[in-house]
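Below you'll find the structure, written out as structure tokens, and then a few comments.
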Amino acid sequence: MKRICAFLLCLAALPIVKAQNNKVTTASMNEIKFEFTLDSGGSPVYSVYYGEKPVIKPSPMGFTLSNDSAFDKHFELTGTDRSSVDETWKPVWGEVSSIRNHYEQVTVHLKQKDNPHRLLNIIFRVFDDGVGFRYEFPRQPGLKYIVVSNELTGFNLAGDHKTFWIPGDYDTNEYSYTTSKISEVDNQQIVNSSTDIAVRLAPDRYAVQTPLMMKTADGLYINIHEAALINFPAMQLHVDRATYKLTANLVPDAVGNTAYVHAPFKTPWRTIIVSDKATDILASKMILNLNDPSKIDDPSWIKPMKFVGVWWEMQIGKGTWSYSNDADSLSADGNLIPNGTHAANTANVKRYIDFAANNGIPGVLVEGWNTGWEDWFGNWKENVFSFVTPYPDFDINEITRYAASKSVKMIMHNETSGSATDYERQIDTAYRFMNKYGYTSVKTGYVGKIIPRGEHHDGQWMINHYIRVAQKAASYHIMIDVHEPVRPTGLQRTYPNWLASEAGRGNEYNGFSNGNKPGHETIMPFTRLMGGPMDYTPGIFKIKGYSNDVPDRQVHTTLAKQLALYITMYSPLQMAADMPDNYVKHMDAFQFIKDVAVDWDDTKILEAEPGDYITIARKAKGTSDWFMGAITNENSRNSNVSLDFLDKGKKYVATIYADADNADWKENPEAYKITKYLVDAGTKLKLKLANGGGAAISIKPITGVDKGLKNYK
Ligand code: NOJ
Ligand code: CA
């Protein structure tokens, strides 16, 4: 990630000036304005405006420290620094090839009035699409080792906004979203899946996770999250339903502290993205901009890619992760699968390698190849898995040879079952093994309770673990895809080998549970994906009747919408998640998955409304090809999209993968139609999306064979 041009409009910080205590400090950029002041008790207070509209009304800032309770009052302002930056940088991979980082920065220097005169700095950056701020505990006498009890940052909302939320759980984000008013957020406890201890909040306290997406009655879109979550716990939000006040709540450890840090220390950024256009929220690069540049000097080994895998057959109860000579095994639903259905056997894996090679899919993921699966789930056991010992029916030498002969990359799988300490003990051995067998990427997983006991998936200890794993993987030139981690906060800029995470409710829920609602994928880009790419695993073609366990189980989309998800659910790592047998029946539709890119020069968010619809066009890296995806919720939708982003005066061929006229996610989800037309920058496409449907379109410059095609009308 190199800066291609960096010119600081004015980085020469103004000399620190003695300021009055309750003076208001402001900074603004276009419509966005922030104000900071100290109240009469010396407590820091900030507000954010969009034009004249209050986004965040005056709200508290600060901490309680366990060894020194109040770190939120009795401050005086000792000075203010200002700077501004306008630079452009190139991500290693991404939705666009070049990103502008343009902000005004203000640092306020605070000092507590009473002895021991503790120091706290607060740094604000104001962009034209939002505000980020972080706290800095500067080096200072007597405050070296800081134990944070909790953060007191408030987000006092200006009204009872429409909100897209999941419950504040310390261990998982794998929930369906609820759309309600702030006053109707109704999860009264933190459902603590890791320790089974439900942490009850006071009766008037409710908790949600970030990214939290909201829409105001007067049409503002507001997104609250965080950026650069390093050496600190994740931030959840407590909700006061009566006053619409949100308060930061840091994920604690076993003894109730939240963070242990040494001064000097900077917290993650608290982010507020705001616009009167929903499309601006999805296009925002503020969270990436608030993260540090890449720490990987030579990223040439990092390659976005598509893959298939021995996976869906386990999710739907047709195969097992574990190899067993004797007993039957349990499916993801807890039903018995007869012995002899271990999916990661050499012959089956070769079928996937053949399918990948024949269709230009670069990678094959194999889960259940290593010992430990017979005893992995729900036991809170350490030392369950070996990451270097294949089951007897997985011939790794032969599979390595076979895959290499077909130029297919094998993708490693390391499920830790939450035993993070054990994974750290084995990690060098595991990654040397990957290097030896030519695996260049690994999917990791953290199903279950975290060992060491008392840690949470989203607590400080695990936040540091995920980063240690990313760093270790980079040192072995290995890319990672992490399942069940904390939700991302833009760290993929700093560690671009961290290609994707799950950290949300993926397509897999359609495999082993009652699934994801048809509107789910219209919310996720506004929530979970704001911090980074998701390994959502799209591309299920057999929409109904696939489950061995529950015959009427189904995916809650049409087939065409599964194609559109390759565009609307951004990831540099995209699985074609269904089984080859289901693809070979629809090779005309599979052509879109073969063609679609995973790395982009440009992205246009054409239309979007959280919970309702999203239409995006992306230009494939280094080519003139565009790919579009349009999705809707449970309601059908007519979408008229202009192709004015195409090069003027050029002719292209559009292949439109649409819902058939009689398609419907529930009644007739696999009905699609594929049409081809000549289009240009003047074309207006009329797309008809079925209930729960979508459309995927590839647009490529015209070639000789396309001359006979009709113009789109
Ligand atoms: C849950 C993950 O989300 C899924 O993708 C994986 O197959 C299983 N854990 C087993 O590791
Ligand atoms: Ca999962």
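The values are calculated or read from the model by the stated rules, or taken from the named source; none is laboratory data. Predicted model only: the values in this text are computed from it and were never measured. FYI the Cβ positions are ideal-geometry reconstructions off the backbone, even for glycines, and counts take in every protein chain you see. All accessible areas refer to the heavy atoms of the entire protein, side chains included, with ligands and DNA or RNA removed. Shrake-Rupley method; radii C 1.70, N 1.55, O 1.52, S 1.80 Å.
Before moving on, here are some points about what is shown:
- Looking only at residues of the range 498-514 that are among the small types (Gly, Ala, Ser) and assigned to a loop (DSSP other than H, G, I, E, B), we find that the one that is farthest from the chain's Cα centre (by Cα) is Ser513.
- In the set (1) touching a residue at least 60 places away in the same chain (Cβ under 8 Å); (2) out of contact with any His (no Cβ under 9 Å at 6 or more places or on another chain), the condition left unmet by Ala503 is number (2).
Yes/no matrix, rows are residues, columns are (1) more than 16 Å from ligand 1 (Cβ to nearest atom); (2) open to solvent by 10 Å² or more (accessible area, probe 1.4 Å); (3) assigned to a helix (DSSP H, G or I):
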site: Thr400; (1), (2), (3): yes, yes, yes
site: Val482; (1), (2), (3): no, no, no
site: Arg487; (1), (2), (3): no, no, no
site: Pro496; (1), (2), (3): yes, no, no
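- Filter result for Arg453 (open to solvent by 40 Å² or more (accessible area, probe 1.4 Å), without any contact (Cβ under 8 Å) to a residue 24 or more places away in the chain, within 27 Å of Asp253 (Cα to Cα) and not in a strand (DSSP E or B)): no
- Of all the numbered requirements in (1) over 30 Å from Val310 (Cβ atoms); (2) open to solvent by less than 30 Å² (accessible area, probe 1.4 Å), Thr623 misses one, and that requirement is (2).
- Residue pairs whose Cβ atoms lie under 7 Å apart, separated by 6 or more positions or on different chains, with the first residue in the range 46-67 and free of Cβ contacts under 8 Å to residues at least 24 places away in the same chain and the second surrounded by fewer than 16 Cβ atoms within 10 Å (Cβ to Cβ) and assigned to a strand (DSSP E or B), are Ser47/Pro58.
- Note on the range 263-317: among residues that are in a loop (DSSP other than H, G, I, E, B), surrounded by fewer than 24 Cβ atoms within 10 Å (Cβ to Cβ) and β-branched (Val, Ile, Thr), the one that is farthest from ligand 2 (Cβ to nearest atom) is Ile296.
- Unique match (being more than 16 Å from ligand 2 (Cβ to nearest atom), buried (at least 22 other Cβ atoms within 10 Å of the Cβ) and in contact (Cβ under 8 Å) with a residue 60 or more places away in the chain) among Gly448, Gly459: Gly459
- Residue match in the range 626-637 (condition: surrounded by fewer than 22 Cβ atoms within 10 Å (Cβ to Cβ), out of contact with any Cys (no Cβ under 9 Å at 6 or more places or on another chain) and farther than 24 Å from Met213 by Cα): no
- Screening Gly130, Gly142 for residues that are open to solvent by 10 Å² or more (accessible area, probe 1.4 Å) and either of a type in the set (D, E, K, R) or on the phi > 0 side of the Ramachandran plot (or both) leaves exactly one candidate, Gly142.
- Condition met for Thr557 (touching a residue at least 60 places away in the same chain (Cβ under 8 Å) and assigned to a strand (DSSP E or B)): no
- When Ala654, Ala630 are checked against the criterion of being under 22 Å from Glu521 (Cα atoms) and among the hydrophobic types (A, V, I, L, M, F, W, C), a single residue qualifies: Ala630.
- Residues in the range 475-509 that are over 20 Å from Ile450 (Cβ atoms) and among the charged types (D, E, K, R): Arg493, Glu508.
- Checked against the criterion of being open to solvent by less than 10 Å² (accessible area, probe 1.4 Å), more than 12 Å from Leu689 (Cα to Cα) and out of contact with any Lys or Arg (no Cβ under 8 Å at 6 or more places or on another chain), the range 640-652 contains one or more residues that satisfy it.
- Meets criteria (touching a His at 6+ places or on another chain (Cβ under 8 Å), at pLDDT 95 or above and among the charged types (D, E, K, R)) for Lys90: no
- Residue list for the range 498-525, restricted to those being open to solvent by 10 Å² or more (accessible area, probe 1.4 Å), touching a helix residue (DSSP H, G or I) at 6+ places or on another chain (Cβ under 6 Å) and modelled with pLDDT under 95: Phe512
- So His477, is it in a loop (DSSP other than H, G, I, E, B), away from ligand 1 (no atom under 16 Å from the Cβ) and open to solvent by less than 40 Å² (accessible area, probe 1.4 Å): no
- Applying the criterion of being farther than 19 Å from Asp595 by Cα and hydrophobic (A, V, I, L, M, F, W, C) to the residues of the range 526-584, the residue that is most open to solvent (accessible area, probe 1.4 Å) is Val550.
- Within the range 73-92, being open to solvent by 20 Å² or more (accessible area, probe 1.4 Å) and touching a Gly at 6+ places or on another chain (Cβ under 9 Å) holds for Lys73, His74, Glu76.
- Residue within the range 431-443 that is open to solvent by less than 10 Å² (accessible area, probe 1.4 Å), without any contact (Cβ under 8 Å) to a residue 40 or more places away in the chain and part of a strand (DSSP E or B) present: yes
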